[in-house]
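The values are calculated or read from the model by the stated rules, or taken from the named source; none is laboratory data. Only a predicted model underlies this, so the values are computations on that prediction, with no experimental measurement involved. Note that we place each Cβ from the backbone using ideal geometry, even for glycine, and neighbour counts take in every protein chain shown. Keep in mind that these areas ignore ligands, DNA and RNA; they rest on the heavy atoms of the full protein, side chains included. Shrake-Rupley method; radii C 1.70, N 1.55, O 1.52, S 1.80 Å.
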Amino acid sequence: MIGHLDPETIARNAVTMAAAPPDAKRPLFRELPPPNPFPVTALGTLAPAAEAIHAMTQAPIAICAQSVLAVATLAIQPHRDVAGPIGRRPLAGLFVSVAASGERKSACDRLALKPVYAIEREWRDSAEAEAANYRNAKDAWDEARTAAKRRSKGDRSTMLSAFEALGPEPRAPRSPMLLVADATPEAIALHLADGRPWGGQFTAEGGLMVGGTGMSTENKMRAGAFYNVLWDGDAIRRSRAMARSAYLPGRRFAMHLMMQPNVATTLLTHDTLGQLGTLARLLIVAPESTAGTRYYREPPATALTELSTYEATIGAWLRRPPRTNGQDALDPTPMNLDLEATALWKKFHDSVETSLASGGNLRPIRAWGSKMAEHAMRLAALLAAVDDPEAGEVGSDAMARGIVLAQHYAKEMLRLAGGAGVPTELRNAERLLTWWQARPKPRCHLAEIYQHGPNALREAKEARRAVAVLVEHGFVRPLDPRTVLDGTARREAWELVP
């Protein structure tokens, strides 16, 4: 559980500390075990693109894979759904990559998004002509409507007949953007109303979404529920800032959110998002850093070739006119599981269900595990569509690969959930220790910590508690209360233990 350290834990730690040599340092918490290698071969046709991005950026291969999976989802979701034993589901996907600054996360998305940037440029190039045509049509329509009013001479029946013959008001051109820059639910909903009926959110600044206004305390429940709707493919119902289009059926959305480890901890310990089921809809990776091994090397010539093939494949999907119901609501073609894929999925589903029982290995992530079989089915359909754009079914090979990917994401959730279970006091103590060790002076007093230290310790009470943890674990020791620091005797002051 996240929260304060209970008395028994404090007493147990005190006994351990008493038995340790003076100045012995004990880790604040157990480090996460290393992640399993990302199963790149399961990506099928997308694997060469992920490997090419890895060769060009030397970023962790898992992040490269997330980028191409998210972009493929963005491109294919308006055209395909998947239909299986649990019914019809969209291919919407919410991908999250966790890595520290300097891991070249943005570079991965920039390369993967090249075909998306290309189609947006094409749309922008034609937008000026479309805007001029719209203005001309709107002026002509307005003039004809005014003339119809004059001719009717106030007769309601005549006026209505004239308006009906005139037809509906010309529609303004769609926004040429496919990617959403603003992370708020209102901005996304407006984009899906005024632009294409599908879109994507790709950002290396995950903190803006998790810690920004879109996920502030008053908005977190509404935002989490909104992302659930996007993933489920349900109609968007907005009552604010959406006077023109409060009801938006048939929308699709993809996301690749990149964030630093401390932001990921905030996300994974977000009680509201956990209870809403938003966390259960995320596909998360947190690979080991490649920093320190990225010596310069020329990317292989094949990397550019593979990326060119990938860009052509994604570009072709982006240029396909999506099937709609005539009212801007997408109506993607459902891809059914064939008999072998269905049998494989059912077997996997039941295996997952067994693992969710008390004592099962998926029990710690029960909410995510309850959607694991659906994640596998969605991923399998996505992979099948990339492999063969004309495929009408999901075969057993694609299903097997979807299951492999789902199993990897489950292992990552289990691993990260264990790290997210570290009590807040210990996390704050770690932040304080990192800040303290980066200072040139080993001595520090309480006011200095809550005035200039980590943001989480802006109150004396929280700062004092974090220091107490560091003292308990042997990283700092108290100074004499008469010690003068910054020109004043400090009752509460400490120094780092060498």
Qualifying residue in region 325-338 (condition: at pLDDT below 95, under 29 Å from Val116 (Cα atoms) and among the polar types (S, T, N, Q)): yes
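If you take the residues in region 280-304 that are open to solvent by 80 Å² or more (accessible area, probe 1.4 Å) and either out of contact with any helix residue (DSSP H, G or I) (no Cβ under 8 Å at 6 or more places or on another chain) or not hydroxyl-bearing (Ser, Thr, Tyr) (or both), which one is farthest from Leu268 (Cα to Cα)?
Ala301
Here is a yes/no grid of residues against (1) touching a Phe, Trp or Tyr at 6+ places or on another chain (Cβ under 9 Å); (2) closer than 27 Å to Leu282 by Cα; (3) in a helix (DSSP H, G or I); (4) of a type outside the set (Gly, Ala, Ser):
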position	(1), (2), (3), (4)
Tyr134	no, no, yes, yes
Ala137	no, no, yes, no
Arg145	yes, no, yes, yes
Arg151	no, no, yes, yes
Ser157	no, no, yes, no
Ala165	no, no, yes, no
Glu169	yes, no, no, yes
Ser175	yes, no, no, no
Ala193	no, yes, yes, no
For region 375-421, which positions are out of contact with any helix residue (DSSP H, G or I) (no Cβ under 9 Å at 6 or more places or on another chain) and closer than 28 Å to Arg320 by Cβ? Glu390, Gly392
Consider region 468-493. How many of its residues are open to solvent by 70 Å² or more (accessible area, probe 1.4 Å) and within 16 Å of Tyr450 (Cα to Cα)? 2
Restricting attention to region 383-416, which residues are open to solvent by 40 Å² or more (accessible area, probe 1.4 Å) and over 30 Å from Glu311 (Cβ atoms)? Lys411, Leu414
Pull up region 323-382, narrow it to residues that are small (Gly, Ala, Ser) and in a loop (DSSP other than H, G, I, E, B), then point me to the one that is most open to solvent (accessible area, probe 1.4 Å). Ser358
In region 299-358, what count of residues is obtained for those that are closer than 17 Å to Ala391 by Cα and of a type in the set (Phe, Trp, Tyr)? 1
Mind listing whichever residues of region 444-464 are assigned to a helix (DSSP H, G or I), under 22 Å from Val263 (Cβ atoms), in contact (Cβ under 8 Å) with a residue 24 or more places away in the chain and not aliphatic (A, V, I, L, M)? Glu462
Sole exception among (1) crowded, with 18+ Cβ neighbours inside 10 Å; (2) within 19 Å of the chain's Cα centre (by Cα); (3) modelled with pLDDT under 80; (4) not aliphatic (A, V, I, L, M) for Thr213, by number: (1)
Going through (1) of a type outside the set (A, V, I, L, M, F, W, C); (2) touching a residue at least 24 places away in the same chain (Cβ under 8 Å); (3) part of a helix (DSSP H, G or I) one by one, Glu103 fails only at (3)
Just checking: which of the strands (runs of 3 or more DSSP E) contained wholly in region 40-99 hold 1 or more residues that are modelled with pLDDT under 95? 93-98
Residues satisfying the stated conditions in region 383-431, i.e. part of a helix (DSSP H, G or I), of a type in the set (A, V, I, L, M) and within 30 Å of Lys461 (Cα to Cα): Leu416, Ala417, Ala420, Leu426, Ala429
